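Structure, as structure tokens:
The values are calculated or read from the model by the stated rules, or taken from the named source; none is laboratory data. What you are looking at is a predicted structure, and each value in this text was computed from that prediction instead of being measured. Glycine gets a Cβ as well: all are built from the backbone with ideal geometry, and neighbour counts include every protein chain shown. SASA here: full protein model, heavy atoms, side chains in, ligands and nucleic acids out. Shrake-Rupley method; radii C 1.70, N 1.55, O 1.52, S 1.80 Å.
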Amino acid sequence: MWHRLAHLVVKELISYLRDPRTRVILIGPPLMQLVIFSFAATLEVRNVAVAVLNQDGGPVSERFLERLGASSFINELVPVTDSARLESLIDERRVLLGVRFPPDFSRSAVAGEPAPLQLLIDGRRANAGQIAQSYVSQIAAQLDLELARDAGVDVAEPTIVRHWFNPNLINQWYIVPGLSGILAMMIALVVTALSIAREREMGTFDQLLVSPIRPLEIIIGKTVPAMIIGAVLAGVMIGAAIFLFHVPFSGNLGWLLASLLLFMLSVVGIGLMVSSVCQTQQQAILGAFMAAVPLILISGFATPVENMPGWLQLLAEADPLKHFLIIVQGSFLKALPFHEIVASAAPMALIALITLSVATLFVRSRLQ
Amino acid sequence: MSAAVELDGVVKRFDAVAALSGISGRIESGRLTGLVGPDGAGKTTLMRLIAALMIPTEGRISVAGRDSVREAPSIHRLIGYMPQSFGLYEDLSVMENLRLYADLRNLDPDARAHTFERLLHFTRLGAFTERLAGRLSGGMKQKLGLACALMAEPEVLLLDEPSVGVDPISRRELWAMVQELAGEGMAVVWSTAYLDEAERCSDVLLLNEGRIAFAGPPAELTARLEDRSFRVTDIGSDRRGLLSTLLQLDGVRDGVIQGDALRVVVADTAGADRVRTVLKTRTGTLRPAAPRFEDAFIDLLGGGPGGRSALTEHMHDVPDQRPVMVECNALTKRFGDFTATDAVDFSVQRGEVFGLLGPNGAGKSTTFRMLCGLLRPTSGSTEVAGYDLRDSPGDAKRQLGYMAQKFSLYDLLSVRQNLEFFSGAYGLRANVRRQRIDEMIEVFDLARYLNEAPVALPLGFKQRLALACALMHRPSVLFLDEPTSGVDPITRREFWLHITGLVARGVTVLVTTHFMDEAEYCDRVALMSNARVIALGSPDQLKASVASDERPDPTMEDAFIALVQRVEDDARAAPEAA
Amino acid sequence: MRSPIGRPLRALVRKEALQILRDPSALMIAFVLPVVLLFLFAFAVSLDVKGVRFGVVLESQGLDARALAAAYEATDYFDARFFHDRRAAEPLLVAGTIKGFVVIPEDFAARLANGDAAIQIITDGSQPNTANFTAAYARGVFQTWRNASTTVAVEPRFWFNPELSSRRVLLPGAIAIVMTIIGTMLTALVVAREWERGTMEALMSTPVTLLEMLGAKLLPYFLLGLGTMIICTLMAVTAYGMPLRGSLVALLVISACFLVPALGQGMLISALAKNQFVAAQVALLSGFLPAFLLSGFLFEIESMPAWIRAITHVVAARYFVEALQTIFLAGDIPAQIVRNSLSLLALGAVFFTAIALATHRRLD
């Protein structure tokens, strides 16, 4: 049995790696996603254009604008002379923010009285707007301190902020390790879903069935190669994270790899379930796609699971990607201790058990 | 009057490879022209060039007086073309397909009702207008494809291998229709691998390696074989052994099995004398026979593949375990309330070639699939080499070799990797495995293709590889599902040479086919119709059972059609099974 | 009197429509996928920070300290849990149970009085975006509590979306993704299917012109796309509380403009691929992924490196997302709609030119 199984696995691997076109299709998308994702998938805010309506013109607003212009997230300050112009710039999405200094802004500020400045934010870009707002608020607070010092009051920054694990909040430290999970999942899903559909379409499935290979062996023969391909890809991504993107790795590589295999197992189970309901390759591609999108969206990769409604958070528990992301991101940045890994690995094991059992039942019933 | 199609020095190259090199000729109106030739001779390319779907690299083609390059649109108005896949939309109904092609041809709405009525009557599809084309049987699809191609009453009708995978009854019906059309003045081009069809054409264009090897009435070619075709009768038991011996003689060009007799083509009288010499030492009588087009075809292309199968020399005798190797008892399969196979019984002896014939949808595929364990019977049992497929599938499967209809191989694996995989799948190891793979490479001459993907192989080699993959574990029973569908006569002969050799070693062979020449190779055939076996016996017995005064010497095809129709006449109301 | 010229076109359009209606996977994509995707984007993807699990380490027992702790408990932003020792909070941060914590030190009152740094805010930097928000809110709570008489105060006003609902920002993006899938992925597959099944060969042997063939493929999917657009809009407005401040006409105009390059891209893919598997992969790579990543609905285009920003200019979804967000949230702003429509049509012209160059009415 082990012998036959080895042949199934080797055959499956060769059939993905022999043909240059399949190879490209297998390796191209993940690499492209790695490159584009790691640079494009950022929730940071940069290169912002700001419209400025300065009705004050005093020293404080000038100082403020100087700070604003010098800050790294700003690309351009667009001076305007009336609020209609300011509004139309926002309407037309030329600027994300509009700053308006009221006429007595500097006078009030120097006098130590409250000096409000208006910040108009394009709500169509709520997330960027919020982040930009917090940047502007920090500039305001900083300026506040300086004004107080100018007035001779000795004040220190009242709060100290420390970002653990990633002190400079480098976005790629978050994105790249997580990508290893997402891309490995995509590839394992497509590989398993396609491999059975393709054998059906080509007629080679019959060949397998008339040979002494048992149904369970066929299933294992489809599971292992997909796991290997997915795990190798994830391994490459993890390597890229460490050596190319210089993300610090603080955890235990062995535990991470063990979790990766468990993760792959649960994904392959889902892939097999998809493939058993698909007749053609086209359906398999669409099926894998229809499964992958929700799995990614509720995994917490794009936005935190905590932001979702409670019932959806419950559903996210059934998403193996969610658990793997905790492990992989924790292993990189947080030196995730063993008991925490187990806490996330256990649900994955349960998911794998369920999906693989269901898939085996599905595939077996199709074999008869 | 000018010819319907004129070909003038037509050359077609794909990249550097020439598919056609210098074709000149005429295809006349009101005649049925057969386009024949071995696989890869360029038949489909020529069809597409005439249909103005491709541009010739050199030379010119005119269709109904119009140039195929400059006046392609007007050619498209004048021709009807049925590609190999019939060009039907499987998710549209019969009527919707007809309507679509009528609109595409801009058929006048007023004349339409009449045209549809005529076509539906002509193709006898009137009862199925609402059925989706994908649910039609092969024969019905083919007729619908023809109806669509005929929509605009074309001047030239091009049919690309319309009879592949279609049973003899549908084929004969289609043939009658097309002849009627030619009688009305249409030019019909019919490309085919079945030479009995070619023989009945008014003209034949025989292509070989991109050139015309013969053009003219088939009788003209056949006449060259006068006094060179013979039948060997009264052979006794070992007709396969005799055939092999005769084919190895100098001056014997071709030979096939026809039921209990042999058909032999010799190069000259010396060849015939050598045959007579051999027959003196064995039983058998040499009688002159009327030459067939197929004899001439093989002769023109340099003769058949000879009489020795390297495979036979490498195979070992199958141990004489038991007399009955395949058995089915009251085998029944129902899909919902549709009965595909109804209480089928038969048994196959060791070393027998057993054929399973029947019209499309008669249940032979279902029976076949149950026998090799691909389908689970609703009731009844099957045994292969003494093992019940249900109780010990593993043991039964180890005894079984299977070659699927379209030579299903892994196209993503190379030829060598396919061999390695299949040997491994059957549990062959180490030295044995290596040795068997090398053996197959040698026997089937696969060495130069080892690193190619199976898709890139010529059809004949693909078939060889499929057979090799089915044989490496030395099965005692071989299942062949339409093994030579669409394959040219020479490759077919070579294939049967191997099968004959295997049978000599004691391998039992079960084969399904639509091809009546192939049925003649069988020791016994079971003819199925409407889920039941309606006749079982040797090909000669079946032929004899339908012999009558007006048809004293029926062919296998005659027997097939007569037997099926006899049953259908009995059960008029039986529903059409798709 | 019906013109006979249009008959083949009508017949092909009818054929295509029937095929769509009979193919479960096409209907699935056209009608089930939008529902699922919109649902997920309405609930699963949310940038709204609310109820972040946050630790408050209260090392001081002073009144001020307790009052501050109470302020942390009171805010909606945080789901606060309390500790007396920062070492108790640290493992929870590692486990991801809390996203950050604030340390109110023993000498809190003294520090406050001296003007020293009074509190320390620690966040889980492994999720930079959340860390940023958490730090900003935690600081905000402190400042509000202290009621520090800031002189320079920022008064933010969010236009178009005062509730700062991320759903309102994301749903137009989700619609753009659905439309990309229908426009590009589905059309990429249908022409490839005709090649694979051999029906293209039969079609080509009839007098149908290339223009009719292309037109017949486009028209049904164009209508299907507009139909899906209407379904998506209805769902967004009725089920997910999306405002529609612009006009339906503007919405349909921009959708129609978007479908031109989207369908063109799909047609171009299948004209070149002729095989469903390759077509699907290419469509995924060049259609879906850019719509997801580079259209600016989830990730800010301005924040991307220049070379990626350059790529986004040929991503049709980018212009569509921008226009949709405006029409839904801001209203009909002509400059916006015209600019984006023109960009889309220009992109469409490029695709159709490429199709004209790549397609021949021949097999070789």
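Among the residues making up the range B:367-387, those that are in contact (Cβ under 8 Å) with a residue 60 or more places away in the chain and within 29 Å of residue B:164 (Cβ to Cβ) are B:367, B:368, B:371, B:372. Selection of the range A:277-333 for residues being more than 10 Å from chain C (Cβ to nearest Cβ), more than 23 Å from residue C:52 (Cβ to Cβ), open to solvent by 10 Å² or more (accessible area, probe 1.4 Å) and in a helix (DSSP H, G or I) yields A:277, A:291, A:295. Within the range A:117-140, the residues that satisfy the criterion of being among the aliphatic types (A, V, I, L, M), within 7 Å of chain C (Cβ to nearest Cβ) and either open to solvent by 20 Å² or more (accessible area, probe 1.4 Å) or assigned to a helix (DSSP H, G or I) (or both) are A:126, A:128, A:131, A:136, A:140.
Candidates C:314, C:249: the one that is of a type in the set (Val, Ile, Thr), in a helix (DSSP H, G or I) and open to solvent by 10 Å² or more (accessible area, probe 1.4 Å) is C:249. Residue pairs whose Cβ atoms lie under 8 Å apart, sitting 6 or more positions apart in sequence or on different chains, and linking a residue in the range A:244-270 that is more than 20 Å from residue A:220 (Cα to Cα) to a partner that is basic (Lys, Arg) and in a helix (DSSP H, G or I), are A:250/A:334; A:251/A:334. Residues that are modelled with pLDDT under 85 and either in a helix (DSSP H, G or I) or of a type in the set (Phe, Trp, Tyr) (or both): does the range A:346-354 have at least one? Scanning the range A:346-354, I find no residue that is modelled with pLDDT under 85 and either in a helix (DSSP H, G or I) or of a type in the set (Phe, Trp, Tyr) (or both), so the answer is no.
So for the range B:400-414 (the condition being assigned to a helix (DSSP H, G or I) and either at pLDDT below 90 or open to solvent by 10 Å² or more (accessible area, probe 1.4 Å) (or both)), does at least one residue qualify? Scanning the range B:400-414 turns up no residue that is assigned to a helix (DSSP H, G or I) and either at pLDDT below 90 or open to solvent by 10 Å² or more (accessible area, probe 1.4 Å) (or both).
Conditions (1) farther than 17 Å from residue B:405 by Cα; (2) touching a Ser or Thr at 6+ places or on another chain (Cβ under 8 Å); (3) surrounded by fewer than 22 Cβ atoms within 10 Å (Cβ to Cβ), marked per residue:
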{"site": "B:441", "(1), (2), (3)": "yes, no, yes"}
{"site": "B:456", "(1), (2), (3)": "yes, no, yes"}
{"site": "B:469", "(1), (2), (3)": "no, no, no"}
{"site": "B:478", "(1), (2), (3)": "no, yes, no"}
{"site": "B:497", "(1), (2), (3)": "yes, yes, no"}
{"site": "B:502", "(1), (2), (3)": "yes, yes, no"}
{"site": "B:507", "(1), (2), (3)": "yes, yes, no"}
{"site": "B:511", "(1), (2), (3)": "no, no, no"}
{"site": "B:517", "(1), (2), (3)": "yes, no, no"}
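When the range A:245-276 is filtered for residues that are of a type outside the set (Phe, Trp, Tyr), within 14 Å of chain C (Cβ to nearest Cβ) and either open to solvent by 20 Å² or more (accessible area, probe 1.4 Å) or part of a helix (DSSP H, G or I) (or both), the ones remaining, listed by number, are A:248, A:250, A:251, A:252, A:274. Evaluate the range C:271-283: report whether one residue or more is open to solvent by less than 40 Å² (accessible area, probe 1.4 Å) and closer than 26 Å to residue C:168 by Cβ. Looking for residues that are open to solvent by less than 40 Å² (accessible area, probe 1.4 Å) and closer than 26 Å to residue C:168 by Cβ, one finds none in the range C:271-283, hence no.
Could you tell me whether residue C:287 is surrounded by fewer than 20 Cβ atoms within 10 Å (Cβ to Cβ), in a helix (DSSP H, G or I) and touching a residue at least 40 places away in the same chain (Cβ under 8 Å)? When the stated conditions are applied, residue C:287 does not pass them. In the range B:176-189, the residues that are farther than 15 Å from residue B:35 by Cα form Cβ pairs under 8 Å with partners that are in a loop (DSSP other than H, G, I, E, B) and among the hydrophobic types (A, V, I, L, M, F, W, C), at six or more places apart or across chains, as follows: B:181/B:150.
Table: residues versus (1) more than 9 Å from every other protein chain (Cβ to nearest Cβ); (2) small (Gly, Ala, Ser); (3) closer than 17 Å to residue C:202 by Cβ.
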| position | (1), (2), (3) |
| --- | --- |
| B:50 | yes, no, yes |
| B:76 | no, no, yes |
| B:85 | no, yes, yes |
| B:88 | no, no, yes |
| B:120 | yes, no, no |
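Check B:231, B:292, B:240, B:224 and return the single one that is in contact with a helix residue (DSSP H, G or I) (Cβ under 7 Å, 6 or more places away or on another chain), touching a residue at least 12 places away in the same chain (Cβ under 8 Å) and open to solvent by 80 Å² or more (accessible area, probe 1.4 Å). On inspection, the qualifying residue turns out to be B:224. The single residue among C:138, C:188 that is more than 20 Å from the chain's Cα centre (by Cα) and either at the interface with another protein chain (Cβ under 7 Å from one of its Cβ atoms) or under 30 Å from residue A:333 (Cα atoms) (or both) turns out to be C:138.
Listed by position, the helices (runs of 4 or more DSSP H) enclosed by the range C:116-217 that each have at least 3 residues that are under 30 Å from residue A:174 (Cβ atoms) and in contact (Cβ under 8 Å) with a residue 40 or more places away in the chain are C:128-146, C:166-180.
How about the range B:53-77: which of its residues are buried (at least 19 other Cβ atoms within 10 Å of the Cβ), under 30 Å from residue B:134 (Cα atoms) and touching a residue at least 40 places away in the same chain (Cβ under 8 Å)? Result: B:54, single match.
Apart from one condition, residue A:357 fits all of (1) over 15 Å from residue A:263 (Cβ atoms); (2) in a helix (DSSP H, G or I); (3) within 13 Å of chain C (Cβ to nearest Cβ); the exception is (3). Considering the range C:206-246, the residues that are among the small types (Gly, Ala, Ser) and surrounded by 14 or more Cβ atoms within 10 Å (Cβ to Cβ) include one that is farthest from the other protein chains (Cβ to nearest Cβ), namely C:225. Inspect all residues belonging to the range B:317-331 and state whether any of them is surrounded by 15 or more Cβ atoms within 10 Å (Cβ to Cβ) and without any contact (Cβ under 8 Å) to a residue 24 or more places away in the chain. No - not one qualifying residue is present in the range B:317-331. Would the range C:16-36 turn up any residue that is charged (D, E, K, R), outside any helix (DSSP H, G or I), under 30 Å from residue B:135 (Cβ atoms) and open to solvent by less than 60 Å² (accessible area, probe 1.4 Å)? Yes, the conditions are met somewhere in the range C:16-36. Put simply, of C:351, C:328, C:292 the only residue that is within 14 Å of chain A (Cβ to nearest Cβ), of a type in the set (Phe, Trp, Tyr), open to solvent by 10 Å² or more (accessible area, probe 1.4 Å) and in a helix (DSSP H, G or I) is C:292. Within the range A:225-233, is even one residue surrounded by fewer than 23 Cβ atoms within 10 Å (Cβ to Cβ), of a type outside the set (S, T, N, Q), more than 22 Å from the chain's Cα centre (by Cα) and more than 30 Å from residue B:368 (Cβ to Cβ)? Taking every residue of the range A:225-233 in turn, at least one turns out to be surrounded by fewer than 23 Cβ atoms within 10 Å (Cβ to Cβ), of a type outside the set (S, T, N, Q), more than 22 Å from the chain's Cα centre (by Cα) and more than 30 Å from residue B:368 (Cβ to Cβ). Anything in the range C:57-115 that is free of Cβ contacts under 8 Å to residues at least 24 places away in the same chain and outside any helix (DSSP H, G or I)? List them, or say none. Once the filter is applied, which keeps residues that are free of Cβ contacts under 8 Å to residues at least 24 places away in the same chain and outside any helix (DSSP H, G or I), the range C:57-115 yields C:61, C:115. Annotation: residue B:99 fulfils all but one of (1) in a loop (DSSP other than H, G, I, E, B); (2) open to solvent by 60 Å² or more (accessible area, probe 1.4 Å); (3) free of Cβ contacts under 8 Å to residues at least 40 places away in the same chain; (4) farther than 18 Å from residue B:156 by Cβ; the unmet one is (1). If a residue must be more than 8 Å from chain C (Cβ to nearest Cβ) and over 12 Å from residue B:150 (Cα atoms), how many such residues does the range B:90-100 contain? Of the residues in the range B:90-100, 4 are more than 8 Å from chain C (Cβ to nearest Cβ) and over 12 Å from residue B:150 (Cα atoms).
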